[in-house]
1. For segment 71-88, check the following and say yes or no: at least one residue is in the same structural domain as residue 20 (by TED's automatic domain parsing), touching a Phe, Trp or Tyr at 6+ places or on another chain (Cβ under 9 Å), part of a loop (DSSP other than H, G, I, E, B) and surrounded by 12 or more Cβ atoms within 10 Å (Cβ to Cβ).
2. Considering only segment 97-129, state which residues are part of a strand (DSSP E or B) and either more than 22 Å from residue 69 (Cβ to Cβ) or touching a strand residue (DSSP E or B) at 6+ places or on another chain (Cβ under 6 Å) (or both).
3. Taking residue 66 as the residue in question, decide whether it is over 30 Å from residue 140 (Cα atoms), exposed (fewer than 14 other Cβ atoms within 10 Å of the Cβ) and not assigned by TED's automatic domain parsing to the domain that holds residue 128.
4. Taking the stated definitions as given, is residue 36 surrounded by fewer than 16 Cβ atoms within 10 Å (Cβ to Cβ), within 17 Å of the chain's Cα centre (by Cα) and in a helix (DSSP H, G or I)?
Amino acid sequence: MSDLLERLRDRGWRLTAQRRVVAQVLDGDHVHYTADEIHALAVELLPEISRATVYNTLGELVTLGEVLEVSTDGRAKRYDPNARHAHQHLICESCGTIRDVHPAGDPLGSLPDAERYGFAISGVEVTYRGLCPDCAKARA
């Protein structure tokens, strides 16, 4: 489970009812919802929450570094609350399902010095692609 609500409280971020609901929707393992999905789920908890409030809150959370924006091949951006734990993503090429994965080893360490071209590297993003079990079964 992500610790998003706890992190926001620790930061002293003002948790209005709307912000709290967005954070609650984002809390959990392997959460990668689009803004529209977040809005639909938030409305179930707080019917008066507006789409603009959800978008603004997501923008603030991304700016704070508490939520990651995940973009995949022209699909809608998804929001990942697992911003504090190093991980990579496994994406289904058919349905777009995203799972957090934690491969062994250091992906930065696998880049030889000669391939760094003098860059001071600040991070690594690795995306694994394939078919989820449901999509693989449907294609069989």
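The values are calculated or read from the model by the stated rules, or taken from the named source; none is laboratory data. Because the structure is a prediction, the values reported are computed rather than measured. As a convention, Cβ positions derive from the backbone with ideal geometry for all residues, glycine included, and neighbour counts pool all protein chains shown.
1. no
2. Matches in segment 97-129: 98, 99, 101, 127, 128, 129.
3. no
4. yes
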